[in-house]
1. Each residue of the stretch 110-123 in order: what ³J(HN,Hα) in whole Hz does its phi give by Karplus 6.51 cos²θ - 1.76 cosθ + 1.60, θ = phi - 60°, with x for Gly and Pro?
2. When the accessible area of the stretch 10-131 is split by element with a 1.4 Å probe, what percent falls to carbon and sulfur?
3. Name the residues whose placed amide hydrogens come within less than 5 Å of the amide hydrogen of residue 55, ignoring near sequence neighbours (fewer than 5 apart) on the same chain.
4. Rounded to whole Å and sorted largest first, what semi-axes of the equivalent ellipsoid does the C-alpha gyration tensor of the stretch 81-131 yield via the square root of 5 times each eigenvalue?
5. Kindly write out, for the stretch 75-86 in residue order, the coupling ³J(HN,Hα) from the Karplus curve 6.51 cos²θ - 1.76 cosθ + 1.60 (θ = phi - 60°), rounded to whole Hz, with x marking Gly and Pro.
6. Quick one: 3J(HN,Hα) in Hz for the stretch 40-48, Karplus 6.51/-1.76/1.60 with θ = phi - 60°, rounded, Gly and Pro as x.
7. At a threshold of 8 angstrom on Cα-Cα distance, excluding pairs fewer than six apart, so keeping six or more, what relative contact order does the stretch 1-126 reach in percent?
8. Amide H of residue 31: which non-local residues (sequence gap of 5 or more, or other chain) have their own amide H closer than 5 Å, using H built in the peptide plane?
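The values are calculated or read from the model by the stated rules, or taken from the named source; none is laboratory data. All of these numbers come straight from a predicted model, not from anything done at the bench. Ideal geometry is used to build each Cβ from the backbone, glycine not excepted, and the neighbour counts take in all protein chains shown. SASA here: full protein model, heavy atoms, side chains in, ligands and nucleic acids out. Shrake-Rupley method; radii C 1.70, N 1.55, O 1.52, S 1.80 Å.
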Amino acid sequence: METRRLKTTEVSQARDILLKKQDYICPLCNGLMKTLKDKRPVLDHDHNTGFLRDVLCLNCNGIEGKVFNLARRARNGMTEREWLGRLLAYWMRHEKPQHGGVWHPKHKTPAEKRLALNKKAREKRAALKEK
């Protein structure tokens, strides 16, 4: 496979070709990137190798870069991919409670969150009524 650097003037054409191959779908969030009203498409590349990857929506492209950079900071001698793989395994291992189902003291259940929102709304209505 011959490698070459894409010219700046070729970026939009390359993005459009890949976007069509992807059926205008962002491979990370499955969002539609077909019109200007939809998620803005950007040409993604690997910052280590420079090779083009796919077209991502602007939001996912930014998040992917941030996650990669955070993994680079946290990796502790591993590659970013190894660290991210360990993170995914960690999340999967903890899908079910591992330590007796004990909640963190700051955790709020959906019912508690709803009650807090209702209380805030009542207080806001009362404050508006006083004016």
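1. Each residue's phi maps through the Karplus curve to give x, 5, 5, 5, 4, 4, 5, 5, 4, 4, 4, 5, 4, 5 Hz.
2. In the stretch 10-131, the share of accessible area belonging to carbon and sulfur is 57 percent.
3. 44
4. Result for the stretch 81-131: semi-axes of 40, 15, 7 Å.
5. 4, 6, x, 9, 7, 4, 5, 4, 4, 5, x, 5
6. 5, x, 10, 7, 8, 9, 7, 6, 7
7. Normalised by residue count, the contact order of the stretch 1-126 is 13 percent.
8. Result for residue 31 returns 26.
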